[in-house]
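Written out below as structure tokens is the structure these notes cover.
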There are 2 protein chains.
Amino acid sequence: VYELFYYPGNGNMAPHFLLEEIGAPFALKLVDRTRNEHKSAAFLKLNPHGLIPVLVDGETVLTETPAICLYLSDKHPGAALAPPLGTSARGHFYKWLMYLADTVHPDLLIYYYPQRFTCDANGADAVRQAVENRLIGMFQYIDDQLSHTGPYLMGEHFSLVDYYLLMLARWARGLKTPPRQMPHLARMLDLVCARPAAQRVIATEGLAEPVY
Amino acid sequence: VYELFYYPGNGNMAPHFLLEEIGAPFALKLVDRTRNEHKSAAFLKLNPHGLIPVLVDGETVLTETPAICLYLSDKHPGAALAPPLGTSARGHFYKWLMYLADTVHPDLLIYYYPQRFTCDANGADAVRQAVENRLIGMFQYIDDQLSHTGPYLMGEHFSLVDYYLLMLARWARGLKTPPRQMPHLARMLDLVCARPAAQRVIATEGLAEPVY
């Protein structure tokens, strides 16, 4: 039985979607951020960075959201969450996952925690503003790509990168130009949200509307 | 024949190391940044973000450094650059690759280009200073982990994440406390640099000493 340590709406969303798609038994373990449990000694034993999510699979304790996603996908090839190994499609799948994980995701963290990225006590607003502009450009780039090769990031084939993007789009729903205002992205996010597995996660985590 | 679009010392270092380890035929294609060729129409066709590296494998054109690394590793399992799919070791390998790619690597980009992360025309120094402190903490964390489970990130087994870390350590050589001053990290980087494949890349790209 997998254990997913989570807090509603956090980085656990992506692996939670996948666990629901896979259909294997799993248990959700709440890490109560309102009580700072993600910095507790017990949780720091699981993840010394004090970051959510953590996946526990028997003796295997995993951190880093995209790593957990790849691990789950590899262990359950029948769920077809990623293209087969060694194919061109797998390469493009990695390209999208990495773009989301190493470019969009880090900028979203700066957007939420700009004060961590400047030593100027009054500098956070200018950091957030710069990063907000960068993020809008990134989502517009994704929207443009989807206009050529949609409806999903991998074309006709749904894959886990679409769930990863849904998670990031939710975090970006407060941008001046949010993803839902971008037509090809909105179409893709609607398709993903309509999946029964997505609906179960939205209900279980209590994700308020609009989802993205 | 693989084609790797590169500029000495850029993100191509990690895939270049892997191509030398694999031993498959490949051609290096210089993208002359001193002439702004990474923003040329021809290069933007390969990577609309104008970022180096790009790997071309027949009809497959790949961007995103960690994606290129995973793709090459998957296609050449004999080179043993990553643990087998579906194992606990593969999960931990993903965890390290993602930590380097989604946490350390993005902060290094802010360290080099702080002006992109603030709208305050005078704010770049305060951004760089904050990120430099963050980066030193990250390398110290890695050093501490290696003290328990080294010599490599995956313990006794060398893997491609060690090359990825060597690339990041090179970029971090100007930090107030650079990786080479951290004993377990320095030991691991020395082991990696001593590999014949690493030596060939250092010579071909003309990477000045100290390498890290």
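With +1 assigned to the C-beta of every Lys and Arg and -1 to the C-beta of every Asp and Glu, and no other charges, what is the dipole magnitude of chain A about the Cα centre in debye, to the nearest 20? Could you put the intermediate results ahead of the total?
Numbers: 18 positive and 21 negative charges, 50 e Å.
Roughly 240 debye, rounded to the nearest 20.
Take the alpha-carbon centre of the stretch A:186-211, take the same for the stretch B:45-91, and report the distance between them in whole Å.
Between the Cα centre of the stretch A:186-211 and that of the stretch B:45-91, the gap is 31 Å.
Accessible area per residue of the stretch A:12-149 at 1.4 Å probe, in Å²?
Solvent-accessible surface per residue comes out at 40 Å².
Sequence gap at least 6, Cα distance under 8 Å: using those rules, report the relative contact order of chain A to the nearest whole percent.
With pairs under 8 Å counted, the relative contact order is 21 percent.
With point charges of +1 on the Cβ of Lys and Arg and -1 on the Cβ of Asp and Glu, referenced to the Cα centre of chain A, which listed residue (A:A124, A:L85, A:I142) lies farthest in the positive direction of the dipole?
A:A124
I need the inter-copy label distances for B:R200: point set 7 Å along Cα to C-beta, values in nm with one decimal, smallest first.
Relative to the other copies, B:R200 has label-point distances of 4.9 nm.
A:A89 label point, 7 Å along Cα→Cβ, cut-off 18 Å on backbone N: hits in the stretch A:148-164?
Label zone hits: A:149-164.
Tell me, what is the percent relative contact order of the stretch B:164-212, built from C-alpha pairs under 8 Å that lie six or more residues apart?
Reported relative contact order: 44 percent.
State, to one decimal in nm and shortest first, how far the label point of B:G9 sits from each corresponding label point in the other identical copies (label point: 7 angstrom along Cα-to-Cβ).
Sorted ascending, the copy-to-copy spacings read 4.4 nm.
Under a cut-off of 30 Å between alpha-carbon atoms, report the lysines in cross-link reach of B:K176, not counting same-chain residues fewer than 8 places apart.
By straight Cα distance, B:K176 reaches A:K39, A:K45, B:K95.
With bins 5 Å wide starting at 0, give me the P(r) of the stretch B:36-121 over every alpha carbon pair, in whole percents.
P(r) over the stretch B:36-121, rounded to whole percents: 3, 12, 15, 18, 18, 15, 10, 5, 2, 1, 0.
Starting at 0 and stepping by 10 Å, how many percent of the alpha carbon pairs of the stretch A:1-79 end up in each bin?
All Cα pairs, binned at 10 Å, distribute as 20, 56, 21, 3 percent.
So what does log10 I(q)/I(0) come out to for the stretch A:102-212 at q = 0.13, 0.14, 0.17, 0.22 Å⁻¹, using the Debye formula with one equal point on every Cα and no solvent?
These q points yield log10 I(q)/I(0) values of -0.51, -0.59, -0.82, -1.18.
Return the chain B residue and its Cβ-to-axis distance, rounded to the nearest Å, for the rotation relating B to A.
Looking at chain B's Cβ atoms against the axis toward A, the nearest is B:P106, 2.
Can you list the distances in nanometres, one decimal and ascending, from the A:N122 label point to the identical position in each other copy, with the point 7 Å along Cα to Cβ?
In ascending order, 0.9 nm.
Dipole size in debye (nearest 20) for the protein assembly as shown around its Cα centre, Lys and Arg Cβ +1, Asp and Glu Cβ -1?
That gives a dipole near 440 debye.
Which residues of the stretch A:90-113 bury at least 10 Å² of accessible area once all protein chains are present, versus their chain alone (1.4 Å probe)?
Residues of the stretch A:90-113 that lose at least 10 Å² of accessible area once the other chains are added: A:G91, A:H92, A:Y94, A:K95, A:M98, A:Y99, A:A101, A:D102, A:P106, A:I110.
Taking the Cα-to-Cβ direction at B:T149 and at B:A121 and moving 7 Å from each Cα, how far apart do the two end points lie in nm?
Here the answer is 4.9 nm between the modelled labels.
For chain B, what does the helix formula give at 222 nm: sum of -39500 (n - 2.57) over DSSP H segments with n ≥ 4, over the residue count, nearest 500 deg cm²/dmol?
Computed mean residue ellipticity for chain B: -15500 deg cm²/dmol.
For the stretch B:129-201, which whole percent of the accessible surface, found with a 1.4 angstrom probe, sits on carbon and sulfur atoms?
Working: 1340 of 2850 Å².
Of all accessible area on the stretch B:129-201, carbon and sulfur atoms account for 47 percent.
How large are Rg and Dmax for the stretch A:154-203 when calculated on the C-alpha trace, in angstrom?
Every Cα atom of the stretch A:154-203 included, Rg and Dmax give 10.8, 30 Å.
Grab every C-alpha pair in the protein assembly as shown, bin the distances at 20 angstrom width from 0 up to the longest one, and report whole percents.
Result, from short to long distances: 26, 62, 12 percent.
What is the interface area between chains B and A, defined as buried accessible area summed over both chains with a 1.4 Å probe, reported in Å² to the nearest 100?
Result for this pair: about 3500 Å² buried.
Please list 3J(HN,Hα) in residue order for the stretch B:10-21, calculated via the Karplus relation 6.51 cos²θ - 1.76 cosθ + 1.60 where θ = phi - 60°; whole Hz, with x for glycine and proline.
Running phi through 6.51 cos²θ - 1.76 cosθ + 1.60 with θ = phi - 60° gives 7, x, 5, 3, 4, x, 5, 3, 5, 4, 5, 5 Hz.
The values are calculated or read from the model by the stated rules, or taken from the named source; none is laboratory data. Keep in mind the model is a prediction, meaning the values are calculated, not measured. All Cβ positions, glycine included, derive from the backbone under ideal geometry; neighbour counts span all protein chains shown. Please note that ligands, DNA and RNA were not included when accessible areas were found on the heavy atoms of the full protein model with its side chains. Shrake-Rupley method; radii C 1.70, N 1.55, O 1.52, S 1.80 Å.
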